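The block underneath contains the structure these notes are about, expressed in structure tokens.
The values are calculated or read from the model by the stated rules, or taken from the named source; none is laboratory data. Keep in mind that this is a model prediction, so the values were computed, not measured. Reconstructed Cβ throughout: ideal geometry from the backbone, glycine too, with neighbour counts over all protein chains shown. Accessible surface areas use protein heavy atoms only, side chains included; no ligands, DNA or RNA. Shrake-Rupley method; radii C 1.70, N 1.55, O 1.52, S 1.80 Å.
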Amino acid sequence: MSKHHDLTASYGESLVTCEHQFEASYYYHQVREQCMNHIHEISKAVDEFTVDFTDESLKILELLYYDLEDSNCFDYFSMTKEEFEECMGVYFGEVVTSTIDEARWVVKEYPLMENKYVTGIEKGNLSLMFPHGFFNHKERHPECVFTLYHLYKQLQNRKKVNLSSPFLLSQLYGNINIHFICITI
């Protein structure tokens, strides 16, 4: 068995199991609501962070994440590191869907396992699936380089493409499954 197969199987096992698309959509809607409630509570406690859905707020949230990670203080917000990372993913998605035309939240069945679902955002022919938020973000990016902000800018500046010959290029990014469905021009 290949390492890739093991990785995709363990990733699939970590996803929510639902009998129907509607059930999965409802589940992820509830997760988004809970995370946004946490984000609003964080905003009340951190003067520099305002839930204004701007790209600049992504920078501040990511800086806060690195500060909390360095001091191991996620419990200050009554959260675990994983919960905070999930909230970062949801806030990123909310910023994207509220400020970029044609961007929207989606829930899709994981193609490698039956009844497993992922969520993320979609703009045109590009889907970014991150059902666990930005899982282990600091381990992937040891220095704060405003990853969320740069990813947002890439989506914002993405041009429309004619899909006369679509293809699938997927990149498995730890527990963030990112699917690129066409070439960026």
Condition check for residue 146: at pLDDT below 90, open to solvent by 40 Å² or more (accessible area, probe 1.4 Å) and touching a Cys at 6+ places or on another chain (Cβ under 8 Å): no
From 139, 114, residue being in a helix (DSSP H, G or I), without any contact (Cβ under 8 Å) to a residue 60 or more places away in the chain and either open to solvent by 40 Å² or more (accessible area, probe 1.4 Å) or not acidic (Asp, Glu) (or both): 139
Breaking point among (1) open to solvent by 50 Å² or more (accessible area, probe 1.4 Å); (2) assigned to a helix (DSSP H, G or I); (3) at pLDDT below 95, for residue 69: (1)
Residue count, the stretch 50-66 (criterion: polar (S, T, N, Q) and crowded, with 16+ Cβ neighbours inside 10 Å): 1
Those residues of the stretch 24-66 which are of a type in the set (Val, Ile, Thr), assigned to a helix (DSSP H, G or I) and closer than 25 Å to residue 142 by Cα, in sequence order: 39, 42, 60
Subset tally (residues that are hydroxyl-bearing (Ser, Thr, Tyr) and within 19 Å of the chain's Cα centre (by Cα)) for the stretch 43-72: 4
Pairs with Cβ under 7 Å, 6+ apart, first in the stretch 62-80 and without any contact (Cβ under 8 Å) to a residue 24 or more places away in the chain and closer than 13 Å to residue 49 by Cβ, second among the β-branched types (Val, Ile, Thr) and not in a helix (DSSP H, G or I): 64/46
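Based on what the data block shows, is residue 85 charged (D, E, K, R), open to solvent by less than 40 Å² (accessible area, probe 1.4 Å) and in contact with a helix residue (DSSP H, G or I) (Cβ under 6 Å, 6 or more places away or on another chain)?
In short, yes.
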